[in-house]
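Bear in mind these aren't lab numbers, they're just calculated from the coordinates by the rules spelled out. All figures in this text were calculated on a predicted structure; none of them were measured in a lab. Note that we place each Cβ from the backbone using ideal geometry, even for glycine, and neighbour counts take in every protein chain shown.
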Amino acid sequence: MKKQHRTLVLMTPSVFWLLAFFLLPMVIMAVFSFGSGELKFADMRFSLDTYQKFAETSAFWRLLGRSTLVAVYTALLSVLLAYPVAYLLAFYAGQHRGMLLTLIVIPSWISFLLRVLAIKILLGSNGPFVNMMESLGFAASSWPPLLYNRTAVIMTLVYTWIPFAALPIFSALERIEKPLLEASADLGAAPWRAFLRVTLPLSLPGVIAAFFFVFIPTLGEWVTPALMGGTNGIMYGNLIQDQFVRALNWPMGAVMSFVMMVLVILFLFVLTRFIKLSELLEG
């Protein structure tokens with residue numbers, strides 16, 4: 001009884017915080033999604049018109065589809081680039097593991113906007129990358145523009161999320177028992193075969209978790225597309241932000257937000273079918 005009472009006391013502040021700043025706003029958003037466009041509850045007419053308008057607007061669905069593809073590409077590239085880093089930390093870093101892990105995480109301590117603006121300067125028409133290519137004899141017109149397109153958005157997002165993708169993969173690799181690798185070597189397996197038959201399958205929970213850790217927040221991203229994408233790199237999150245801030249159409253913004261939330265819940269359901277989240281918290 002004392003343990004249960006202590007647990008209840010410790011959980012109470014967090015529960016009230018979530019109720020006040022998560023559940024209550026979600027309820028308000030749900031109310032607005034059934035509204036008629038007015039921002040005052042007293043003037044709102046409750047109907048399904050906004051949902052019907054969203055369902056009939058093909059441009060919304062196309063943008064959601066493109067944003068989903070951008071999130072998938074970003075997650076795949078982040079995992080592919082983060083896996084070697086996590087592998088190095090898990091098996092070859094040794095006593096320098098903590099220092100290297102800190103070096104990987106340090107960029108995330110810097111302001112996100114500052115990092116995005118730094119990449120924007122780097123890829124700009126007068127940036128270091130363009131100057132270096134021109135000094136090597138490549139004309140500026142010989143390659144596609146590096147800014148204000150979907151490619152620039154993906155590059156920036158991948159740079160941002162690589163450290164976060166490496167952490168769950170590193171956690172999964174670190175839990176692999178070394179005797180399993182030694183046994184595969186004793187049985188005559190080449191290093192690449194031991195990696196494909198032992199290391200990679202046992203690290204798949206971390207790989208899948210890293211994919212979804214990148215995919216879910218990227219799907220609703222709007223800051224990076226606004227700074228790096230221009231008109232060609234706009235994403236679904238930018239449209240939601242426009243509905244709330246510029247158009248002041250809160251019902252449509254709420255509907256679009258709930259549609260994206262349902263999509264994320266579906267992906268989370270897929271995640272839980274492949275891996276138990278409790279496994280990522282072990283060790």
(message) Connecting C-alpha atoms closer than 10 Å in a GNM of the chain, tell me which of M132, M260, M155 has the biggest fluctuation.
(response) M132
(request) Please give, to one decimal in nm, the separation of the simple spin-label points placed at L117 and L204, each 7 Å out from Cα toward the Cβ. (result) 4.5
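Please report, ordered by residue number, every helix of the chain (full DSSP H runs) that is 15 Å or longer along its axis going by C-alpha atoms and whose mean Kyte-Doolittle hydropathy reaches 1.6.
Details: long enough: 2-18 (24 Å, 0.05); 58-91 (49 Å, 1.41); 112-123 (17 Å, 2.37); 150-174 (35 Å, 1.27); 200-219 (27 Å, 2.03); 250-274 (36 Å, 2.10).
Result, helices passing both filters: 112-123, 200-219, 250-274.
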(request) For every helix of n ≥ 4 consecutive DSSP H residues, a contribution of -39,500 (n - 2.57) applies; sum these over the chain, divide by its total residues, and give [θ] at 222 nm rounded to the nearest 500 deg cm²/dmol. (result) -22000 deg cm²/dmol
(message) Pick from L24, L271, L69 the residue whose mean-square fluctuation is largest in a GNM of the chain, springs joining Cα atoms under 10 Å.
(response) L24
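Can you give the extra length, in nm with one decimal, that the chain gains between L81 and L248 once fully stretched, where that is 0.36 nm per residue apart less the Cα-Cα distance?
Details: separation 167, 0.36 × 167 = 60.12 nm, distance 4.01 nm.
Result for the pair: 56.1 nm of gain on full extension.
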(request) Between S108 and W17, take the C-beta separation as r, use R0 = 25 Å, and let me know the FRET efficiency to the nearest 0.05. (result) 0.60
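State the extension gain, in nm to one decimal, for the chain segment bounded by T57 and V262, taking 0.36 nm per residue of separation less the distance between their alpha-carbons. Don't skip to the end; give the middle numbers.
On the way: separation 205, 0.36 × 205 = 73.80 nm, distance 1.80 nm.
Additional length available on full extension: 72.0 nm.
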(message) Need one number for the range 51-280: average projected area of the convex hull over its C-alpha atoms, nm².
(response) 16.7
(request) Measure out, as a whole number of angstrom, how far apart the alpha-carbon centroids of the range 58-90 and the range 94-126 sit. (result) 19
(message) Charges on Cβ only, +1 for Lys and Arg, -1 for Asp and Glu, centred on the Cα centroid of the chain; of G94, G237, T224, which one is farthest towards the dipole's positive end?
(response) G94
(request) Return the single residue from T231, T218, T50 with maximal mean-square fluctuation; model: Gaussian network over the chain, springs between Cα atoms under 10 Å. (result) T231
